[in-house]
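J.: This is the structure I have questions about; it appears just below.
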């Protein structure tokens, strides 16, 4: 009886350690996202302030919405005097790409995760947390790892917003501008090693860049950037799935 | 307009596309074509997110800064440098491009 109990306790403790290790690894892996988010969140805070939006609403946006593009566009539209439904609809369209990302990452999260856990993790899904999680080498991601990753990104986003709303008016312009490249650089750092390793990945990602560029230049039907990204992503992933029938794109 | 209500409505339409596929699709076995398509999504999305957006990432009239930052980060990433160093190098490149070029 005693030995059974201590055995159970041991397994329990071991599992706890594993959870903690995964959570910490998630936080650590999220650091580059945090570095990229803080300046952008600062810029968001400054913009919200400039648009005359009350500080508590600016903070609430980062806490409840947690989506850079939506928040920027939302504030812009508010400043332009757009209506309630117009702002909500634009936000929705802008975030449709997360539908694809969520479907893609769903297959990677450990199957033991309950629906409540998945709903919690999905709140933290952004372009950046998705990209970092999807490009991890492990086929199955621990939910504690993803939680740590999301929490790091979420904290940095809210911290940056707070700085932007309350402190940042004095930062030099050249520094603020230079930080704008941070997230792109992180995307480059994530994508290049996979492009080197796998020809299908190389083809698909170059296709996506090409399609987005053509849409951007042609600019027909006044497509928003959100739609252009969705179209370029779907089209190039489809072409990849057709072209590379036998290859496994992850290796 | 009630701003707090607006923020929660925006939060709701942001959350739903994030949440639905994850909750519904996680335990479903998908046909191999769909699976391949979904496996390509991260790389396709990264490509579309990077280019041409990166060119205007350091401001509207600041192409040199953006190009210098991206070239440095591509070189660092090609040499399998740690991601934090790639990010640092890219920001530094953009900063130098911004000040001196």
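J.: Condition check: within 8 Å of chain B (Cβ to nearest Cβ), over 21 Å from the mean Cα position of the chain (by Cα) and within 18 Å of residue B:57 (Cα to Cα). Does residue A:191 satisfy that?
T.: So residue A:191 does not fit the description; no.
J.: OK, next. Taking residue A:138 as the residue in question, decide whether it is in the same structural domain as residue A:37 (by TED's automatic domain parsing) and under 29 Å from residue B:93 (Cα atoms).
T.: The answer is no for residue A:138.
J.: Now a separate question. May I ask you to say which residue of A:57, A:73 is at pLDDT below 85 and farther than 29 Å from residue A:144 by Cα?
T.: The unique qualifying residue is A:73.
J.: Would you check if there is a residue in the stretch A:66-78 being farther than 22 Å from residue B:25 by Cβ, more than 9 Å from every other protein chain (Cβ to nearest Cβ), more than 12 Å from the chain's Cα centre (by Cα) and surrounded by fewer than 16 Cβ atoms within 10 Å (Cβ to Cβ)?
T.: For the stretch A:66-78, residues farther than 22 Å from residue B:25 by Cβ, more than 9 Å from every other protein chain (Cβ to nearest Cβ), more than 12 Å from the chain's Cα centre (by Cα) and surrounded by fewer than 16 Cβ atoms within 10 Å (Cβ to Cβ): present.
J.: Do we find a residue being more than 8 Å from chain A (Cβ to nearest Cβ) and either touching a helix residue (DSSP H, G or I) at 6+ places or on another chain (Cβ under 9 Å) or assigned to a loop (DSSP other than H, G, I, E, B) (or both) anywhere in the stretch B:39-53?
T.: Scanning the stretch B:39-53, I find no residue that is more than 8 Å from chain A (Cβ to nearest Cβ) and either touching a helix residue (DSSP H, G or I) at 6+ places or on another chain (Cβ under 9 Å) or assigned to a loop (DSSP other than H, G, I, E, B) (or both), so the answer is no.
J.: Condition (residue is modelled with pLDDT of 80 or more and under 23 Å from residue A:139 (Cα atoms)) applied to the stretch A:227-235: is it met by at least one residue?
T.: Among the residues of the stretch A:227-235, at least one is modelled with pLDDT of 80 or more and under 23 Å from residue A:139 (Cα atoms), which makes the answer yes.
J.: Would you confirm whether any residue within the stretch A:156-164 is crowded, with 21+ Cβ neighbours inside 10 Å, more than 16 Å from the chain's Cα centre (by Cα) and within 13 Å of chain B (Cβ to nearest Cβ)?
T.: yes
J.: Among the residues of the stretch B:64-74, are any part of a helix (DSSP H, G or I), free of Cβ contacts under 8 Å to residues at least 12 places away in the same chain and within 7 Å of chain A (Cβ to nearest Cβ)?
T.: Scanning the stretch B:64-74 turns up at least one residue that is part of a helix (DSSP H, G or I), free of Cβ contacts under 8 Å to residues at least 12 places away in the same chain and within 7 Å of chain A (Cβ to nearest Cβ).
J.: Let me ask something else. Within the stretch B:54-63, how many residues turn out to be facing chain A (nearest Cβ under 7 Å) and part of a loop (DSSP other than H, G, I, E, B)?
T.: Count: 4.
Residues are listed down the side, and each one gets a yes or a no for (1) modelled with pLDDT of 95 or more; (2) surrounded by 21 or more Cβ atoms within 10 Å (Cβ to Cβ); (3) within 7 Å of chain B (Cβ to nearest Cβ):
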position	(1), (2), (3)
A:98	no, yes, yes
A:116	no, no, no
A:120	yes, no, no
A:125	yes, yes, yes
A:135	no, no, yes
A:145	yes, yes, no
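J.: Right, residue B:92: in contact (Cβ under 8 Å) with a residue 12 or more places away in the chain, under 26 Å from residue A:72 (Cα atoms), more than 7 Å from every other protein chain (Cβ to nearest Cβ) and part of a helix (DSSP H, G or I) or not?
T.: Taking the combined requirement at face value, the residue satisfies it.
J.: Hey, can you tell me all the residues within the stretch A:176-228 that are in a loop (DSSP other than H, G, I, E, B) and surrounded by fewer than 20 Cβ atoms within 10 Å (Cβ to Cβ)?
T.: Selection gives A:198, A:219, A:223, A:224.
J.: Moving on. Would you pick out the residues in the stretch A:239-249 that are surrounded by fewer than 18 Cβ atoms within 10 Å (Cβ to Cβ) and either facing another protein chain (nearest Cβ under 8 Å) or at pLDDT below 85 (or both)?
T.: Result: A:245, A:246, A:247, A:248.
J.: Just wondering, is there one or more residues in the stretch B:25-37 that are modelled with pLDDT under 90, part of a helix (DSSP H, G or I) and touching a helix residue (DSSP H, G or I) at 6+ places or on another chain (Cβ under 7 Å)?
T.: Yes.
J.: Pick from the stretch A:91-117 the residues that are in a helix (DSSP H, G or I) and in contact (Cβ under 8 Å) with a residue 40 or more places away in the chain: which of them is farthest from the chain's Cα centre (by Cα)?
T.: So, considering only residues that are in a helix (DSSP H, G or I) and in contact (Cβ under 8 Å) with a residue 40 or more places away in the chain, the one farthest from the chain's Cα centre (by Cα) is A:93.
J.: I'd like to know if the stretch B:44-62 contains one or more residues that are modelled with pLDDT of 90 or more, buried (at least 22 other Cβ atoms within 10 Å of the Cβ) and farther than 30 Å from residue A:218 by Cβ.
T.: Scanning the stretch B:44-62, I find no residue that is modelled with pLDDT of 90 or more, buried (at least 22 other Cβ atoms within 10 Å of the Cβ) and farther than 30 Å from residue A:218 by Cβ, so the answer is no.
The values are calculated or read from the model by the stated rules, or taken from the named source; none is laboratory data. None of the values given here were measured: they were computed from a predicted structure. With ideal geometry, Cβ positions are generated from the backbone for all residues, glycine too; neighbour counts draw on all protein chains shown.
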